[in-house]
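Comments concern the structure below.
The values are calculated or read from the model by the stated rules, or taken from the named source; none is laboratory data. Since the model is a prediction, treat every value here as computed from it, not as a measurement. Here the Cβ is made from the backbone with ideal geometry for all residues, glycine too, and neighbour counts use every protein chain on show.
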2 protein chains.
Amino acid sequence: MPPDVDSRTAILDAAERLFAERGYAATTIKQIGTAAGVNSALLYYYFADKERLYHDVLQRLLGTLMAEGERVFAAARSREEAIRGLVRVQGELMVSKPHVPRLIARELVDHKAAHVSGLMAQLAAGVFKRLCEMIREGQDSGELRDDLDPQFAAVSTIAQVVYFHIARPAVGILLGHGTDGPPEAVARAYTVHAADFAIAALSAQPARAPRKRRKP
Amino acid sequence: MPPDVDSRTAILDAAERLFAERGYAATTIKQIGTAAGVNSALLYYYFADKERLYHDVLQRLLGTLMAEGERVFAAARSREEAIRGLVRVQGELMVSKPHVPRLIARELVDHKAAHVSGLMAQLAAGVFKRLCEMIREGQDSGELRDDLDPQFAAVSTIAQVVYFHIARPAVGILLGHGTDGPPEAVARAYTVHAADFAIAALSAQPARAPRKRRKP
DNA sequence: GTCTATAGGTGGATAGAC
DNA sequence: GTCTATCCACCTATAGAC
């Protein structure tokens, strides 16, 4: 860790990386202390216990991601721009910090998102809700096909990118890049594809008689 | 565990559930023994060590999933039927055995799919490859839009369903069902939606001049 | 604020009786 | 095949010097 950062930040940085790489249970206080360049007992000076440290790591990371999503969405001047912006923000974060998708996946399966339920509720009432409304408006005005559920469509859009990065080793094998996963350039190209795929699904008109809109 | 199953199977069943719920590191040999109704030392009679037991759990589960995927794909008589069949097989497994998506997610992040690399390679050379070829044929014949990369489109199709189940607690909050995740009926409806979404994305013709096909 | 030392508890794995 | 008993290693968290 650089010497010009304070111990608290060094601990948070080291913990973020180690929790993502090894998981909460498999990461020890001593490992975090060593990686942060401080004595392991010092962690208990800054954080109540191991779980509280983990909680703070998540809040710091996902709080900034959400804020960026809000910003991009608010600045968008069209449906397509909004969708592309949201997909790009997610994709960029996960390409530039490859440990992030693993940290997210671990929180989902290890703790059922319990440490980020506040942020998720905020997302549900904020960007996600507005994205759904945006899709429904497009359907009502006839610009988007109306046989897809807006909420499900929003989930599908997000799902593509997050899954690609969580499953990166498996996707690497499928696409012929080996177990280290696809190189960065492919990951970036996939992000663009994901937006294309979602927009294609939404904007297409049904070929024949439109089906009734599904209720979730 | 029922008394009519042998100890080896009881151990595998208990281990599958516990590894999925708590993770590899957080699951103890003693917990598995207790859940299986046998003494924990007996695990070392049937399995070399904890990791080998974990490996065998994965092979048993994903081997059968892959075989079912092969079967459904081979029996399909149209592009749409093949895509719907693959999505349905995945969705059904994850709805009926909710611990499975978590086990898969854990293997991806904890071990980078190392214990299933053989199965993934088999998938890459089998169903996945044929799915990609099928999409490309549809693009060449003009039935599918040709501005999407076939491999990326295949990943997007799969990604929707798997992510929904891995992220079930988060999706539950987003869709207003709480942290326990969406009820079974919603999960089943989403599976149908995912196939609709993929087919809509693939079958739509570009509204204006088609873009050049992207290279991954 | 940062360290040393350690208490108190649990885990994977083995030896060996039956 | 299944069990009891146990070894040794390691972890979280605290006490207390500096």
Quick one: B:Leu53 ticks every box in (1) more than 14 Å from chain A (Cβ to nearest Cβ); (2) more than 24 Å from B:Met120 (Cα to Cα) except a single one, so which number is it? (2)
So, B:Ala204, is that one buried (at least 20 other Cβ atoms within 10 Å of the Cβ) and at pLDDT below 95 or not? yes
Just a yes or no: is a residue in segment A:57-74 within 15 Å of DNA strand D (Cβ to nearest atom) and over 30 Å from A:Ser203 (Cα atoms)? yes
Scan segment A:140-171 for residues that are more than 7 Å from chain B (Cβ to nearest Cβ), in a helix (DSSP H, G or I) and free of Cβ contacts under 8 Å to residues at least 12 places away in the same chain and jot them down. A:Asp140
Which of the residues that make up segment A:37-49 are near DNA strand D (Cβ under 7 Å from one of its atoms) and farther than 16 Å from A:Asp13 by Cβ? A:Ala41, A:Tyr44, A:Asp49
I'd like to know if segment A:53-66 contains one or more residues that are over 18 Å from A:Leu93 (Cα atoms) and among the hydroxyl-bearing types (Ser, Thr, Tyr). yes
